[in-house]
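Undergrad: Mind looking over this structure? Questions follow.
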Amino acid sequence: MLQNRLEPVLDPRALAREMSNKLLIDGAMVPAVSRKTFKVVNPATQETVSEAADGAAADVDVAVSAAAKAQKAWGKMAPRERGRLVQECGRILNDHVEELARLVTIETGKAIRTESRVEAGVFADIFVFYGGLGSELKGETVPFKPGMLTITQREPIGVVGAIIPWNAPLLLMALKVAPAMVAGNTVVLKSAEEAPLTVLRACQIMNQVLPPGVLNILSGDGPQCGAPLVAHKGIGKVTFTGSVETGKLVYGAASQKLIPVTLELGGKSPMIVMGDADLDKAIDGAIVGMRFTRQGQSCTAASRIFVHESIHDAFVKRLKAKVDAMKMGDPLDEKTDIGTIISKQQYDKVVSYIRYGENAPGATAHRCSSMPADAKLAKGYFVQPVIFTGIANDNKLAREEIFGPVACVIKFKDYEEAIRQANDTEYGLAATIWTRDLKTALDATQRLEAGLVQVNQNLVVQANMSYGGIKNSGLGKEASLEAMLEHFTRKKTIVLNLG
Ligand code: ADP
């Protein structure tokens, strides 16, 4: 355990430098075995803010051994005591919300007021939430025969390998790490290439409380560091958030060891707005649902908005006016609503979808807001949000996950047609319906094919609300007690012959 209480470092550039060239293994900040590093770039300016340690198979080995060693005592600790330590992590992380928010802002380009600070706050809270669930690791008594006491017991799996993307690094880390640890597992987490710093800092803060080796952080690329982590014989469970393609690779590799896997993958979430919906609420819901403040970089993004023909034109006009009023700019500026796309690669991908849509027959691209005027942001990966109309549900803009600020508003005539189109997708993460009619609302909740269906609202992930998709959106649930019990423990049946 580190001895000194770390003080928050509010200068994100200084903190980014402090996090350079380090992994966190067995409670110590160490460089990669190879000593190699890779650049971490601020997407709002293209300035290099740090050089992250470039972990690979040799680092995976060291981290997994440290985690396996630590798991022996951690797994035997009284569950409430483990929970108490995890809650303590949440409490001290709460003192670091501002520094974590600033750091994640400069490595991801997410706006501090609308995104980063909110994420850092929820991050700390998830440790507090899960920390309270240690005593919920209950088993069952099974009615068998007189004199034969039969019980089930939940046990830790061992060492969990966690892999996360860049779009919400803190939130996604917490949803994996907190329940895994409370359930008695230890963790080796690999961060995303684009956003390794904040996750590392958060782990450094938590390592003041946790025994060494319980939570280890690697940075590095997918094939060189992620793949050996999944394949490592010491890893007993993999929890992954990322693209469908990589998710399938991870699933394939894990199947070779027959270990359990949780996958949170892509989405193309539908939002159905009926003719009788409260238009103001639906428009605000579309803005939240589409994650315009995060440049649409969310697997849950409500990127297919089916609007009844009777209100379609009014909906589009008012939605555009509201997005126009959102300010794009320096992500660290409190006045900014919308920051940048994460990287050149994603920027090129998003722009190519927009170009494709602009040339699609019958389509209209409504560009919203305006590019920042500030010269120091001239190289930033800013993309104006675009609302497309005149796009059919079978157009690739409505089928493929763009992971950018691109919403398709699709006109429909009748409810059956809307439901059919909403479900006509390879994904099934989330869906919403907006109506004042209770019967329609209830019917839609039964028929929409998604892991999370909401009526007249578009909440983001909430503690203790199971979150996870069906179809190509993934396997398993996160964020809840159920997620901890089902995905981070294994059940043993014990029969005692008392005769
Ligand atoms: P995204 O498009 O969101 O970057 P990816 O699926 O490519 O999604 O990446 C998500 C995470 O998966 C990242 O941490 C990345 O490094 C990791 N990753 C990429 N390829 C592999 C792989 N073959 N095995 C394990 N992890 C990988």
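The values are calculated or read from the model by the stated rules, or taken from the named source; none is laboratory data. What you see is a predicted model; the values in this text were computed from it and never measured. Methodologically, a virtual Cβ is constructed for each residue, glycine included, from the backbone with ideal geometry; neighbour enumeration extends over all protein chains shown. Only protein heavy atoms, including side chains, enter the accessible area calculation; ligands, DNA and RNA are left aside. Shrake-Rupley method; radii C 1.70, N 1.55, O 1.52, S 1.80 Å.
Undergrad: Within the stretch 186-223, can you find the residues that are open to solvent by 10 Å² or more (accessible area, probe 1.4 Å) and in contact with a Gly (Cβ under 8 Å, 6 or more places away or on another chain)?
TA: Within the stretch 186-223, 193, 211, 212 qualify.
Undergrad: State the number of residues belonging to the stretch 478-499 that are at pLDDT below 95 and either hydroxyl-bearing (Ser, Thr, Tyr) or under 11 Å from residue 139 (Cβ atoms) (or both).
TA: The qualifying residues number 0.
Undergrad: Could you tell me whether the stretch 461-468 includes any residue that is open to solvent by 50 Å² or more (accessible area, probe 1.4 Å), of a type outside the set (A, V, I, L, M, F, W, C) and free of Cβ contacts under 8 Å to residues at least 60 places away in the same chain?
TA: Yes, because at least one residue in the stretch 461-468 is open to solvent by 50 Å² or more (accessible area, probe 1.4 Å), of a type outside the set (A, V, I, L, M, F, W, C) and free of Cβ contacts under 8 Å to residues at least 60 places away in the same chain.
Undergrad: Sticking with this one: For the structure I just gave you, tell me whether residue 210 is in the same structural domain as residue 196 (by TED's automatic domain parsing), free of Cβ contacts under 8 Å to residues at least 12 places away in the same chain and more than 15 Å from the ligand (Cβ to nearest atom).
TA: no
Undergrad: Next question. With the checklist (1) open to solvent by less than 30 Å² (accessible area, probe 1.4 Å); (2) within 10 Å of the ligand (Cβ to nearest atom); (3) under 21 Å from residue 430 (Cβ atoms) in hand, flag the one item residue 173 doesn't pass.
TA: (2)
Undergrad: While we're looking at this one, here's another question. Scan the stretch 352-363 for residues that are assigned to a helix (DSSP H, G or I) and open to solvent by 40 Å² or more (accessible area, probe 1.4 Å) and jot them down.
TA: Across the stretch 352-363, the qualifying residues are 352, 355, 356, 358.
Undergrad: Give the residues of the stretch 421-443 that are surrounded by fewer than 22 Cβ atoms within 10 Å (Cβ to Cβ) and more than 21 Å from the chain's Cα centre (by Cα), sorted by residue number.
TA: Scanning the stretch 421-443 gives 421, 423, 424, 436, 437, 438, 439, 440, 441, 442, 443.
Undergrad: Next question. I'm trying to understand the selection: among the residues of the stretch 223-263, which are more than 11 Å from the ligand (Cβ to nearest atom), assigned to a helix (DSSP H, G or I) and more than 27 Å from residue 480 (Cβ to Cβ)?
TA: Within the stretch 223-263, none qualify.
Undergrad: Kindly indicate whether any position in the stretch 392-403 is more than 16 Å from the ligand (Cβ to nearest atom) and acidic (Asp, Glu).
TA: Among the residues of the stretch 392-403, at least one is more than 16 Å from the ligand (Cβ to nearest atom) and acidic (Asp, Glu), which makes the answer yes.
Undergrad: While we're on this one: Considering the stretch 294-325 alone, what residues qualify as being in a loop (DSSP other than H, G, I, E, B) and of a type in the set (A, V, I, L, M)?
TA: Result: 301, 302, 311, 325.
Undergrad: Is it true that some residue in the stretch 444-453 is in contact with an Asp or Glu (Cβ under 7 Å, 6 or more places away or on another chain) and either of a type outside the set (Lys, Arg) or open to solvent by 50 Å² or more (accessible area, probe 1.4 Å) (or both)?
TA: no
Undergrad: Now, a different point. Keeping to the stretch 331-369, report how many residues are without any contact (Cβ under 8 Å) to a residue 24 or more places away in the chain and under 24 Å from the mean Cα position of the chain (by Cα).
TA: 2
Undergrad: Enumerate the pairs (first residue in the stretch 248-259 and in the same structural domain as residue 162 (by TED's automatic domain parsing); second residue anywhere and near the ligand (Cβ under 10 Å from one of its atoms) and of a type in the set (Gly, Ala, Ser)) with beta-carbon separation below 7 Å, excluding pairs fewer than 6 apart on the same chain, so at least 6 apart or on different chains.
TA: 253/227; 253/231
Undergrad: Do we have residue 178 as crowded, with 21+ Cβ neighbours inside 10 Å, touching a Lys or Arg at 6+ places or on another chain (Cβ under 6 Å) and under 30 Å from residue 57 (Cβ atoms) here?
TA: In short, no.
Undergrad: Next up: Anything in the stretch 290-300 that is open to solvent by 10 Å² or more (accessible area, probe 1.4 Å) and within 21 Å of residue 472 (Cα to Cα)? List them, or say none.
TA: 291, 299, 300
Undergrad: Here is a further query. Give me the pairs: first residue in the stretch 213-232 and assigned by TED's automatic domain parsing to the domain that holds residue 56, second residue away from the ligand (no atom under 11 Å from the Cβ) and among the aromatic types (Phe, Trp, Tyr), beta-carbon distance under 6 Å, and six or more apart or on different chains, which are they?
TA: 214/74
Undergrad: Of the numbered conditions (1) within 30 Å of residue 138 (Cα to Cα); (2) modelled with pLDDT under 95, residue 429 satisfies every one except a single condition; which is it?
TA: (2)
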